[in-house]
Amino acid sequence: MKWPKYVRLQRQKRVLLSRLKVPPSIHQFSRSLDKTLAKQLFAFLDKYKPETRAEKKERLLKRAQEIANLKEGEKPQPLPTPHFVKYGINHVTSLVESKKAKLLVIAHDVEPVELVVWLPALARRMGVPYCIVKGKARLGQVVHKKTATALVVTSVRKEDQSQLAALTKSIHETYNERFDDLRKQWGGLALGRKSMAKVHARNKLANKEKVAY
């Protein structure tokens, strides 16, 4: 069976990242959020999915009908502030820079990595809690897209503020407070199976020669 080209490229990239010496700025994307906390995070994000095109159309039609039914001189009531997650790399960046973001979520498998490699440093500098999760397709499901590089939470409903505070506290301890350690940890330099077998055989032979002498 011949695997598709994208599968072969993914496997080759994984092997290279395990063999070569990977700088800390790239190696940090291999440290994704643990499964339990990630499950809680995505359950929280799913409650703040942006509206679909059909939902937006229905909302605008309903609003237009309300305005049309108003009496002359009567003003329409102001709408409540919507609470949705924000996406789009440029929009996310501006929200982090203006310190409006309360939580930044970055995908671990963005290609090319240069699109998001600077986001952890920016978030740490601006004091915004950030985390790295698997993967861009799962983030895309939250915002009704195929993939998404990063998401930002800017506001939540009153009943969810305590849950957001607990999440940001755990994430801040895992990533922001460990930023100085993470930026010094290099990755890669792992031997393959054949190389490890050769090293093991060489050491075994050397031990035999020591015993013989």
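Bear in mind that the values in this text are calculations on the coordinates, not laboratory data. Only a predicted model underlies this, so the values are computations on that prediction, with no experimental measurement involved. Please note: Cβ atoms are built from the backbone with ideal geometry, for glycine as well, and neighbour counts cover all protein chains shown.
Values for this structure:
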| read-out | value |
| --- | --- |
| For the chain, calculated [θ]222 nm from helices alone, where every DSSP H run of n ≥ 4 adds -39500 (n - 2.57) | -15000 deg cm²/dmol |
| Bridge type composition, the chain - antiparallel percent by DSSP, nearest 5 | 65 percent |
| Most mobile listed residue (Leu16, Leu139, Leu164) in the chain, GNM with C-alpha springs under 10 Å | Leu16 |
| Residue with peak Gaussian network fluctuation, the chain [Cα springs, cutoff 10 Å], from Thr149, Thr93, Thr36 | Thr36 |
| Estimated FRET transfer efficiency when R0 is 41 angstrom, pair Lys184-Val7 (beta carbons, to 0.05) | 0.75 |
| Amide hydrogen neighbours beyond the local backbone of Tyr130, cut-off 5 Å, H modeled | Leu104, Asn176 |
| Note, ³J(HN,Hα) from phi for region 88-101, Karplus 6.51, -1.76, 1.60, rounded to Hz, x at Gly and Pro | x, 4, 5, 5, 4, 4, 5, 5, 5, 5, 8, 6, 8, 7 |
| For the chain, projected area of the alpha-carbon convex hull averaged over all directions, nm² | 19.0 nm² |
| Rg in Å to one decimal, and Dmax rounded to a whole Å, for region 82-134 via C-alpha atoms | 10.6, 33 |
| Length-normalised contact order for the chain - Cα pairs under 8 Å, 6+ apart - percent | 31 percent |
| Burial ordering of Leu103, Leu70, Leu95, fewest other beta-carbon atoms within 10 Å first | Leu70, Leu95, Leu103 |
| Longest segment of the chain lacking GluC sites (Glu not before Pro) that sit in a DSSP loop with at most 15 other Cβ atoms within 10 Å | 75-176 |
| Hz values of 3J(HN,Hα) by residue in region 66-71 - Karplus curve (6.51, -1.76, 1.60), Gly and Pro given as x | 4, 5, 5, 7, 6, 6 |
| Phi-based couplings in Hz for region 14-27 (Karplus 6.51, -1.76, 1.60; Gly and Pro marked x) | 4, 5, 4, 5, 8, 8, 7, 7, 9, x, x, 4, 8, 5 |
| FRET efficiency estimate (nearest 0.05) - Cβ-Cβ, Glu58 to Lys99, R0 35 angstrom | 0.55 |
| Listed residue pairs exceeding 27 Å between alpha carbons, taken from Lys62/Lys86; Lys2/Lys198; Lys47/Lys75; Lys47/Lys169 | Lys2/Lys198; Lys47/Lys75 |
| Cα gyration tensor category, rounded, prolate or oblate, for region 108-213 with a/c compared to 1.5 | prolate |
| Relative contact order (%) - criterion: Cα under 8 Å, at least six apart; region: region 67-189 | 30 percent |
| Total formal charge among the other residues, if their Cβ is under 12 angstrom from that of Tyr175, Lys/Arg +1 and Asp/Glu -1 | 0 |
